[in-house]
Amino acid sequence: MERIADETMHRYSRSNNDAKRKGRGTVIVWFRNDLRVLDNEVLFQAWCSSELVLPVYCLDPRHFATTHYFGFPKTGALRAQFLIECLEDLKRNLVKRGLDLLIRQGKPEEILPSIARTFGAHAVYAQKETCSEELDVERRVCKGLQLVALSSKATSNELSGMDPSIDAKPRHASGISFKEDPQLHLMWGSTMYHIDDLPFGIDHIPDVYTQFRKSVESKCRIRDCIKVPKYLGPAPSTSDWGCIPTLGQLGLSLDQVKRGMKFSGGENAALSRVHEYFWKRDLLSTYKKTRNGMVGADYSTKLSPWLATGCLSPRLLCEEVKRYEKERVTNDSTYWVLFELIWRDYFRFLSIKYGNSIFHLGGPRKVKRNWSQDGKLFNCWKDGCTGYPLIDANMKELSTTGFMSNRGRQIVCSFLVRDMGLDWRMGAEWFETCLLDYDPCSNYGNWTYGAGVGNDPREDRYFSIPKQAQTYDPEGEYVAFWLPQLRMLPKDKRHFPGRLYIQQIVPLKFGNNPRQHGTQTILSDRQRKSRR
């Protein structure tokens, strides 16, 4: 893995002779959801504008609090462990380039101004986020930095006995003085298409994905990756870089993942996965045909956890797809990876357009509907005890590995909101707890879409369990893997085993009596049009 990562690092890096560094003093790089070196414009611009770069990560206690409505853990143990691995990997890669990673536990608005004061940093560089909690932290950090110069000037004047009206220039650890408060520079870096290149303003983003996709594909160019210098040092001097906490120190515990795919956090693991899926096993060439699979590690790219944490840049992934098309093959499968990256972009941009409405019950469309919040029913869903093997297997996979296929997510969402009639936010918040690839834009964008309160041109989109089972798990291999008690049953009985499995907690909206071969009972024309 390290060899593959080093080769990719070399391909997407530049010689220091090709990079110009004209800045002064010390700047802070505040790592957030961009835990990588490659194609990291924040890191590159910070290096260009300074003599010393100080990378910082803040373990914000609010990330380990509870969700807004239903009080689930905001970060479950699986994602916390993945984050720890991401930080360990980032630290190693920074050290290779002459830097290090300063780890602090606490709120960024308290930590970053303190660090800026200690090291005399004149700027903080960070990736721009889009949702309210992250935006609020950005505002608080900005206010905290504004106080740094004021407090530094006051301290210097007190020590020197000078008139406070005189523009004193206190000296700090780096020997740089504050003439103004340290500036927070926020940079866009989370999408494949840059926000400044969109052919419309944020307020005029189309409400239908297809319109958005066709417009950006025809009118926008995807920017090239930022090639970061191979050497980014020297780093500021400090005796305490801090420690990356263990899971136990975060108050969490985790059983070892023994079934399904085990994900390892970090940029090196991400680059290794790209190499394996694209170049070693040539799986990219058949991606569109296999992407709706459920069993095994290779039916889809499985890159979303690294994209969500920023260990992998969507632009770098795009360049790898283009390189594959040039050197191997161009077909519908290679395009489909980009197609789905555009979906990811779309939800990110919609989170700006619609703001907090993506978290509200009625969604961006302000739909009024009576939703149940039956806790007993919900617990059956989240624990994989609904009596429907396809639902239960997906939920078992989620709680065990932190991952679920895109097809599975659509199915369990439809079941929660259409068949159980439960508040979709309960499902969205549980996904927030469990998913390795959680990010608020994609998670809540997909849930509002699936619940019929978001950007879906079709109303009452329904996923029929018998039909989905017959199409995507016809021999019941997936459900038998996650529910071993079904392995002994004939393949045509695994999805609807009757009394040989636990009792179904609710009837399906459109009936659940499969025919002999596992297909759905005949529906009316109206029902058939509204289900998949």
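Structural remarks
- Phe64 vs. criteria in contact (Cβ under 8 Å) with a residue 12 or more places away in the chain, within 29 Å of Lys258 (Cα to Cα) and either surrounded by fewer than 23 Cβ atoms within 10 Å (Cβ to Cβ) or out of contact with any strand residue (DSSP E or B) (no Cβ under 6 Å at 6 or more places or on another chain) (or both): yes
- The criterion of at least 3 residues that are over 26 Å from Gln468 (Cβ atoms) is met by the following helices (runs of 4 or more DSSP H) wholly inside the stretch 302-408: 314-327, 332-354.
- Residues that are in contact with a helix residue (DSSP H, G or I) (Cβ under 6 Å, 6 or more places away or on another chain), of a type outside the set (A, V, I, L, M), open to solvent by less than 60 Å² (accessible area, probe 1.4 Å) and at negative phi do occur in the stretch 222-230.
- Among the residues here, Val27 does not qualify as in contact (Cβ under 8 Å) with a residue 12 or more places away in the chain and within 22 Å of the chain's Cα centre (by Cα).
- Contact annotation: residue pairs with Cβ atoms under 8 Å, 6 or more positions apart or on different chains, pairing a residue in the stretch 90-107 that is of a type in the set (Gly, Ala, Ser) with a partner that is surrounded by fewer than 19 Cβ atoms within 10 Å (Cβ to Cβ) and not in a loop (DSSP other than H, G, I, E, B), are Gly106/Pro61.
- For the stretch 3-30, taking the residues that are under 30 Å from Asp181 (Cα atoms) and charged (D, E, K, R), the one that is most open to solvent (accessible area, probe 1.4 Å) is identified as Lys22.
- Only residues that are in a helix (DSSP H, G or I) and of a type in the set (Gly, Ala, Ser) were counted in the stretch 412-470, giving 8.
Every residue, every condition in (1) at negative phi; (2) part of a helix (DSSP H, G or I); (3) charged (D, E, K, R), yes or no:
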residue: Leu35; (1), (2), (3): yes, no, no
residue: Leu43; (1), (2), (3): yes, yes, no
residue: Leu54; (1), (2), (3): yes, no, no
residue: Cys58; (1), (2), (3): yes, no, no
residue: His63; (1), (2), (3): yes, yes, no
residue: Arg79; (1), (2), (3): yes, yes, yes
residue: Cys86; (1), (2), (3): yes, yes, no
residue: Asn93; (1), (2), (3): yes, yes, no
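- For the stretch 105-126, the condition of being closer than 30 Å to His360 by Cα and within 19 Å of the chain's Cα centre (by Cα) holds for at least one residue.
- Asp473 being charged (D, E, K, R), surrounded by 21 or more Cβ atoms within 10 Å (Cβ to Cβ) and within 30 Å of Lys258 (Cβ to Cβ): yes
- Residues that are of a type in the set (S, T, N, Q) and not in a loop (DSSP other than H, G, I, E, B) were ranked within the stretch 233-282; the one that is most open to solvent (accessible area, probe 1.4 Å) is Gln249.
- If the condition is being within 20 Å of Cys318 (Cβ to Cβ) and assigned to a helix (DSSP H, G or I), then the stretch 283-300 contributes Leu283, Leu284, Ser285, Thr286, Tyr287, Lys288.
The values are calculated or read from the model by the stated rules, or taken from the named source; none is laboratory data. Worth saying up front: this structure is predicted, and the values here are computed from it rather than measured. Note that we place each Cβ from the backbone using ideal geometry, even for glycine, and neighbour counts take in every protein chain shown. To get the accessible areas, we keep the full protein, side chains included, count just its heavy atoms, and leave off ligands, DNA and RNA. Shrake-Rupley method; radii C 1.70, N 1.55, O 1.52, S 1.80 Å.
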